[in-house]
Amino acid sequence: MSVAVRLTGITKRFPGVLANDRIDLVVEAGEIHAICGENGAGKSTLMKILYGMQAPDEGSIEVLDQERTFSSPREAIDVGIGMVHQHFMLADNLTVIENVILGAEPSKGALIDFATARSRLGELGEAYGLALDLDDAVGTLEVGERQRIEIIKILYRGARILILDEPTAVLVPQEVEELFRNLRELKTEGHTIIFIDHKLDEVLEIADTITVLRQGRSVARVKPEDVTAQDLAELMVGSELPTPETREVTVTDQTAVEVRGISVVDEAGVTRLRDVGFSVQCGEIVGVAGVEGNGQGELVEAILGIAPVTGGSIHLHGDDVTGWSVRQRREAGMGYIPEDRHRRGLLLPAPVWENSILGHQTRRRFLSSRVWIDDEASRDHASNVVERFDVRTPGVHTPVHALSGGNQQKLVVGRELAIECNPLIAAHPTRGIDVGSQAAVWEDLRRARAEGLGLLLISADLEELIGLSDTLLVMLRGEIVARLDPARVTPRELGAYMTGAAA
Amino acid sequence: MAAVGLALLVAALVLVVSGADPLVAFGNIWEYGSRLETVIESFNRATPLYLSGIAFAIAMRMNLFQIGVEGQYILAAFFAAYVGAGVGSLFPPLHIAIILLTAMIVGAAWAGLAGWMKVTRNVHEVISTIMLNAIAVSGVVSFLLGRWKIESESLDTRLGDIATTGWFPSLNPIVELATREIKRVELTGFILVAALVGVAYHLIINRSRLGYDLRATGANPWAAEASGVPPRRTIVLAMLLSGAVAGLVGMADLLGDQHFYSLRFPQGLGFAGIAVALLGRNHAVGAAVAALAFGWLERASGVLEVRGDAPREIVTIMVAVIILFAVIAYALAQRRRRIEAAAAASAQVDSPAAAEEADT
């Protein structure tokens, strides 16, 4: 078999960090090659180098037996390399066909030749089983369909070597199967696929060859037949993979937060949340599963008080807080871990210590009087969060934008846990942090639960949901469609409820 | 330092192009600018500039682009002058307090109007403050000045005089203790008020709960909202505070120099304040340095015109060039600091301790 991509001795340094340390990677033509590793292992950097987004400091790149140096993705595309990024790069208000040809429009004089584009896309779709309605606006599509557009986009540009950066992170199990079917189809047609992932069963299922990276080095190149998930995990972290299991029951009869039949209608008059009701007891973790965009965001905003509810009521430790402001609810103990830390959770230009009191700046312990903030107490608190939650920062005066994503997330999680909020509304608390820190966060959540925390947990990580929750709710189109016992449900079944396949 | 050198070089070029000898011109500027009288004039000029800069900075700290200081201070000065003249003679501290309070209330109300329009009707503050500037200066003041003007021998249309009990004392006697007799000019006592406002600004913005909320909103309004900052109330509050300070801008001239409002009342201080705030990076001390620099450059370079070295336009260009270079130098320094912080943070991640923990 010929070699599609051969990277030899790739080294990439960032100020103070060795992101890639003499990495070797050999990808054979027509195979699905998985690259696994923890956050920060250097996977993304390596792929950016292959795709021409960054130049390596050392090492060589060979594509189809020809040595290459790419100074931009454009040059990588020209030799047949395409990449699907983790965050889709699509324009929501354009149609599928417009998105696909954007930047590579076939022209007829000064006009775009839609007919040619349409027939070429038709062929592509046919050949790979990637069926799509070309005239739908992208904004109306599901995540899985958007991903398919990204794949078609790079095929349309003539890619023979496809790089997919954590393609399954945003998909439910059923969609993952669909994706895998498409990938196998592409493989039969002779495409080479490089697949970045850290979900081990998926890697074992789809890959022909697996390269494991750890701390910027390539530590193993294995065949899936020869290894178990456990072996892979140990290669990745150098130790056992922790699991998010909670078992002993700590639920009390005190209610931390209760929502009674709340509904939310947005400005456009669309019902986003319909008659949702549940309660979270002190010492209980209630998990909310659902494909993103099925009302979880609206639920969180309603409980926090950012978005008004159009019906129903919200109760905090027994008080009806439906008419309370965000500040009043925060002062009554509500904690919040937002799904998007940059948007709702952090002041990026502000130092760590100021961020460590955000959301709690009116608490007595951070004030020296009614008017003044107690800088010293706040900084002590920040040092405490940094130490306890292993936030890697040069100091509490460092602006938060200088921290890596994982450390920013640990700061957000640590802030809420150190302040001892109750209840805590947490959306994707371990998103973007590596396996080691993830286990630490789970441990902290469990400890807080044992001490009486009522936690509403929204997550896309089904193992996390099943492992941590005492009760599982499934949301679909703004309604709660199922209440499940996490001890008896498998990720597959959960996926079926999430997509509405199970009734 | 390199920036200052470059700025002087470019300024010299401008002078050469206009046909003046840069060395002679710089010599004249330095000689004139280091006179005690010029320095005092610079401080007098810097006082309203500083207040105007702080007024702009208050709103800027929460990302409100409040360019209505111009209208607010003129309207405030007009009403303050009218009230101040109307009350006759009073106990001096009371008289001054009434004038200042009127100015602050008028300024705050006018700015608050823009804030109110933003939170209720979502009118962008740039649009509303520009409109309010026009309404204040060309509308309200022009109209009422026509009604309330007094007859006088001068051709100037003006309001009545404020009685001497409403004059702010000059600091000349104190300065003279340390230096020598000052001729022609008086150092405005209002500079002390400006300094007080600067200190209050620093403390409130950087140390208080309110300041934290304000800065949080400026840094990230969505995160601030989720943290419990009431977005609307904070916008209106920031505008009120900004407007109150804007109201003080004209008081140095009104109480320390002119003692009445007329068509010749100084204009343009509101817009100049934007440059002061930007150059001073919305920082209390930075804005003070910027205001003094502006004041001095303006006063000292005026000599070129008087001595016939260069026309007024060239002097203006020269001053602008120097400011431009200062801004660029500051931006570069800021950038370097950011990069260093990021490098320090990633070095932390790469430390041996980090690697060990990932292994266990």
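Under the condition of being buried (at least 19 other Cβ atoms within 10 Å of the Cβ) and part of a helix (DSSP H, G or I), which residue from the range A:328-337 is farthest from the other protein chains (Cβ to nearest Cβ)?
For the range A:328-337, the residue satisfying everything is A:Arg329.
Name the residue, out of B:Gly228, B:Gly218, B:Gly211, that is under 30 Å from A:Leu304 (Cα atoms), within 14 Å of chain A (Cβ to nearest Cβ) and assigned to a loop (DSSP other than H, G, I, E, B). First the steps, then the outcome.
Working: B:Gly218 fails: assigned to a loop (DSSP other than H, G, I, E, B); B:Gly211 fails: assigned to a loop (DSSP other than H, G, I, E, B).
Of the residues listed, the single one that is under 30 Å from A:Leu304 (Cα atoms), within 14 Å of chain A (Cβ to nearest Cβ) and assigned to a loop (DSSP other than H, G, I, E, B) is B:Gly228.
Report yes if B:Ala326 is part of a helix (DSSP H, G or I), at pLDDT below 75, more than 8 Å from every other protein chain (Cβ to nearest Cβ) and over 30 Å from A:Val391 (Cβ atoms), otherwise no. If you could, list the steps in order and put the result at the bottom.
Values: part of a helix (DSSP H, G or I): yes; at pLDDT below 75: yes; more than 8 Å from every other protein chain (Cβ to nearest Cβ): yes; over 30 Å from A:Val391 (Cβ atoms): yes.
It is true that B:Ala326 is part of a helix (DSSP H, G or I), at pLDDT below 75, more than 8 Å from every other protein chain (Cβ to nearest Cβ) and over 30 Å from A:Val391 (Cβ atoms).
Of the residues in the range A:293-322, how many are assigned to a loop (DSSP other than H, G, I, E, B) and either buried (at least 22 other Cβ atoms within 10 Å of the Cβ) or away from every other protein chain (no Cβ under 14 Å) (or both)? Break it down stepwise before answering.
Here is the first cut: in the range A:293-322, the ones assigned to a loop (DSSP other than H, G, I, E, B) are A:293-295, A:305-310, A:317-318, A:321-322.
Add one more test, that the residue is either buried (at least 22 other Cβ atoms within 10 Å of the Cβ) or away from every other protein chain (no Cβ under 14 Å) (or both), and what stays is A:293-295, A:305, A:309-310, A:317-318, A:322.
Adding up the residues that qualify gives 9.
Could you tell me whether A:Ala131 is outside any helix (DSSP H, G or I) and more than 22 Å from A:Val27 (Cβ to Cβ)? First the steps, then the outcome.
Working: outside any helix (DSSP H, G or I): yes; more than 22 Å from A:Val27 (Cβ to Cβ): yes.
So A:Ala131 passes the test.
Based on this model, can you work out whether A:Val412 counts as within 12 Å of chain B (Cβ to nearest Cβ), within 17 Å of A:Arg341 (Cα to Cα), in a loop (DSSP other than H, G, I, E, B) and under 25 Å from the mean Cα position of the chain (by Cα)? Working first, answer last.
Values: within 12 Å of chain B (Cβ to nearest Cβ): yes; within 17 Å of A:Arg341 (Cα to Cα): yes; in a loop (DSSP other than H, G, I, E, B): no; under 25 Å from the mean Cα position of the chain (by Cα): yes.
No.
What are the residue pairs meeting all of these: first residue in the range B:250-277, first residue over 16 Å from B:Ala194 (Cα atoms) and polar (S, T, N, Q), second residue outside any loop (DSSP other than H, G, I, E, B) and modelled with pLDDT of 90 or more, Cβ atoms under 9 Å, and 6 or more apart or on different chains?
Listed pairs, sorted by first residue: B:Gln258/B:Ala81; B:Ser262/B:Ala81; B:Gln267/B:Glu70; B:Gln267/B:Ile74; B:Gln267/B:Val137.
Free of Cβ contacts under 8 Å to residues at least 40 places away in the same chain, more than 9 Å from every other protein chain (Cβ to nearest Cβ), among the hydrophobic types (A, V, I, L, M, F, W, C) and not in a helix (DSSP H, G or I): which single residue out of A:Val391, A:Val386, A:Val396 fits that description? Let's see the steps before the verdict.
On the way: A:Val386 fails: not in a helix (DSSP H, G or I); A:Val396 fails: free of Cβ contacts under 8 Å to residues at least 40 places away in the same chain.
None of the other options fit; the residue is A:Val391.
Scan the range B:131-166 residue by residue and report those that are over 19 Å from B:Gly86 (Cα atoms), assigned to a helix (DSSP H, G or I) and of a type in the set (Ser, Thr, Tyr). It would help to see each step written out before you state the result.
Going through the range B:131-166, the residues over 19 Å from B:Gly86 (Cα atoms) turn out to be B:131-139, B:153-156.
Remaining after also requiring assigned to a helix (DSSP H, G or I): B:131-139.
The one that is over 19 Å from B:Gly86 (Cα atoms), assigned to a helix (DSSP H, G or I) and of a type in the set (Ser, Thr, Tyr): B:Ser138.
From the residues in the range A:339-376 that are of a type in the set (Gly, Ala, Ser) and either assigned to a strand (DSSP E or B) or in contact (Cβ under 8 Å) with a residue 40 or more places away in the chain (or both), which one is farthest from the other protein chains (Cβ to nearest Cβ)?
Within the range A:339-376, the first condition is being of a type in the set (Gly, Ala, Ser), and the residues that meet it are A:345, A:350, A:356, A:359, A:368-369.
From what's left, either assigned to a strand (DSSP E or B) or in contact (Cβ under 8 Å) with a residue 40 or more places away in the chain (or both): A:345, A:350, A:356, A:359.
Numbers: A:Gly345: 6, A:Ala350: 5, A:Ser356: 12, A:Gly359: 4 Å.
Only one residue tops the list, namely A:Ser356.
Anything in the range B:150-164 that is among the hydroxyl-bearing types (Ser, Thr, Tyr) and under 15 Å from B:His95 (Cα atoms)? List them, or say none.
In the first step, residues of the range B:150-164 are kept if they are among the hydroxyl-bearing types (Ser, Thr, Tyr); the result is B:152, B:154, B:157, B:164.
B:Thr164, the sole residue that qualifies.
So is B:Ser208 in contact with a Gly (Cβ under 8 Å, 6 or more places away or on another chain), buried (at least 17 other Cβ atoms within 10 Å of the Cβ) and among the hydroxyl-bearing types (Ser, Thr, Tyr) or not?
On the way: in contact with a Gly (Cβ under 8 Å, 6 or more places away or on another chain): no; buried (at least 17 other Cβ atoms within 10 Å of the Cβ): yes; among the hydroxyl-bearing types (Ser, Thr, Tyr): yes.
Answer is no for this residue.
Being out of contact with any Ser or Thr (no Cβ under 6 Å at 6 or more places or on another chain) and free of Cβ contacts under 8 Å to residues at least 24 places away in the same chain is the requirement here; does A:Val413 meet it?
Values: out of contact with any Ser or Thr (no Cβ under 6 Å at 6 or more places or on another chain): yes; free of Cβ contacts under 8 Å to residues at least 24 places away in the same chain: no.
No.
Take A:Arg13 and decide whether it is more than 14 Å from chain B (Cβ to nearest Cβ) and surrounded by fewer than 22 Cβ atoms within 10 Å (Cβ to Cβ).
On the way: more than 14 Å from chain B (Cβ to nearest Cβ): no; surrounded by fewer than 22 Cβ atoms within 10 Å (Cβ to Cβ): yes.
No: the conditions fail for A:Arg13.
Could you list, in sequence order, the residues of the range B:140-159 that are surrounded by 15 or more Cβ atoms within 10 Å (Cβ to Cβ) and not polar (S, T, N, Q)?
In the first step, residues of the range B:140-159 are kept if they are surrounded by 15 or more Cβ atoms within 10 Å (Cβ to Cβ); the result is B:140-141, B:144-145, B:148-149, B:157-159.
Result: B:Val140, B:Val141, B:Leu144, B:Leu145, B:Trp148, B:Lys149, B:Arg158, B:Leu159.
Here are some residues: B:Gly88, B:Gly107, B:Gly71. Which one is closer than 21 Å to B:Leu254 by Cβ, touching a residue at least 40 places away in the same chain (Cβ under 8 Å), not charged (D, E, K, R) and not in a helix (DSSP H, G or I)? Working first, answer last.
Numbers: B:Gly107 fails: not in a helix (DSSP H, G or I); B:Gly71 fails: not in a helix (DSSP H, G or I).
Sole residue among the options that is closer than 21 Å to B:Leu254 by Cβ, touching a residue at least 40 places away in the same chain (Cβ under 8 Å), not charged (D, E, K, R) and not in a helix (DSSP H, G or I): B:Gly88.
B:Gly84 fails exactly one of the following numbered conditions: (1) under 20 Å from the mean Cα position of the chain (by Cα); (2) under 20 Å from B:Leu263 (Cβ atoms); (3) crowded, with 21+ Cβ neighbours inside 10 Å. What is the number of that condition?
Going through (1) under 20 Å from the mean Cα position of the chain (by Cα); (2) under 20 Å from B:Leu263 (Cβ atoms); (3) crowded, with 21+ Cβ neighbours inside 10 Å one by one, B:Gly84 breaks only (1).
With respect to the numbered conditions (1) charged (D, E, K, R); (2) crowded, with 19+ Cβ neighbours inside 10 Å; (3) part of a helix (DSSP H, G or I), which one is the sole condition not fulfilled by A:Glu493?
(2)
Please go through the range A:147-186 and give me each residue that is part of a loop (DSSP other than H, G, I, E, B) and among the polar types (S, T, N, Q), ordered by number.
Taking the range A:147-186 first, the residues part of a loop (DSSP other than H, G, I, E, B) are A:157-160, A:166-172.
Scanning the range A:147-186 gives a single hit, A:Thr168.
Does any residue of the range A:280-289 turn out to be at the interface with chain B (Cβ under 10 Å from one of its Cβ atoms), over 14 Å from A:Ile458 (Cα atoms) and either among the small types (Gly, Ala, Ser) or assigned to a loop (DSSP other than H, G, I, E, B) (or both)?
Residues of the range A:280-289 that are at the interface with chain B (Cβ under 10 Å from one of its Cβ atoms), as a first pass: none.
Scanning the range A:280-289 turns up no residue that is at the interface with chain B (Cβ under 10 Å from one of its Cβ atoms), over 14 Å from A:Ile458 (Cα atoms) and either among the small types (Gly, Ala, Ser) or assigned to a loop (DSSP other than H, G, I, E, B) (or both).
So if I check each of B:Ala194, B:Ala223, which one is facing chain A (nearest Cβ under 7 Å) and either buried (at least 23 other Cβ atoms within 10 Å of the Cβ) or closer than 24 Å to A:Ala302 by Cα (or both)?
B:Ala223 is the lone residue from the list that is facing chain A (nearest Cβ under 7 Å) and either buried (at least 23 other Cβ atoms within 10 Å of the Cβ) or closer than 24 Å to A:Ala302 by Cα (or both).
Would you mind stating whether B:Arg264 is within 14 Å of another protein chain (Cβ to nearest Cβ) and within 21 Å of the chain's Cα centre (by Cα)? Show your work before the answer.
Numbers: within 14 Å of another protein chain (Cβ to nearest Cβ): no; within 21 Å of the chain's Cα centre (by Cα): yes.
No; evaluated as a whole, the condition is false for this residue.
Report those helices (runs of 4 or more DSSP H) wholly inside the range A:29-122 carrying at least 1 residues which are within 20 Å of A:Ile210 (Cβ to Cβ), among the charged types (D, E, K, R) and under 23 Å from the mean Cα position of the chain (by Cα). Write out each step before concluding.
Values: elements: A:43-50, A:73-78, A:96-101.
Per the criteria, A:43-50.
Do you know which of the residues in the range A:211-258 that are in a loop (DSSP other than H, G, I, E, B), at pLDDT 85 or above and more than 30 Å from A:Asp319 (Cβ to Cβ) is farthest from the other protein chains (Cβ to nearest Cβ)?
Here the answer is A:Lys223.
For the range A:36-57, give me each residue that is hydroxyl-bearing (Ser, Thr, Tyr) and surrounded by fewer than 21 Cβ atoms within 10 Å (Cβ to Cβ). Talk me through it step by step, then tell me what you get.
From the range A:36-57, those hydroxyl-bearing (Ser, Thr, Tyr) are A:44-45, A:51; that's our starting set.
If the condition is that a residue be hydroxyl-bearing (Ser, Thr, Tyr) and surrounded by fewer than 21 Cβ atoms within 10 Å (Cβ to Cβ), then A:Ser44 is the only one that fits.
Could you list all residues from the range A:119-141 that are loosely packed, with under 14 Cβ neighbours inside 10 Å, touching a helix residue (DSSP H, G or I) at 6+ places or on another chain (Cβ under 9 Å) and not hydrophobic (A, V, I, L, M, F, W, C)?
Initial filter on the range A:119-141 (loosely packed, with under 14 Cβ neighbours inside 10 Å): A:119, A:122-123, A:126-127, A:129, A:131, A:133, A:135, A:139-140.
Still in the list and also touching a helix residue (DSSP H, G or I) at 6+ places or on another chain (Cβ under 9 Å): A:127, A:129, A:131, A:133, A:135.
Listed by number, the residues that qualify are A:Gly129, A:Asp133, A:Asp135.
Considering only residues that are crowded, with 22+ Cβ neighbours inside 10 Å and more than 20 Å from A:Ala29 (Cα to Cα), which ones fall in the range A:176-199?
Selection gives A:His198 alone.
The values are calculated or read from the model by the stated rules, or taken from the named source; none is laboratory data. All of these numbers come straight from a predicted model, not from anything done at the bench. Because the Cβ atoms are built from the backbone with ideal geometry, glycine has one as well, and the counts that use them run over all protein chains shown.
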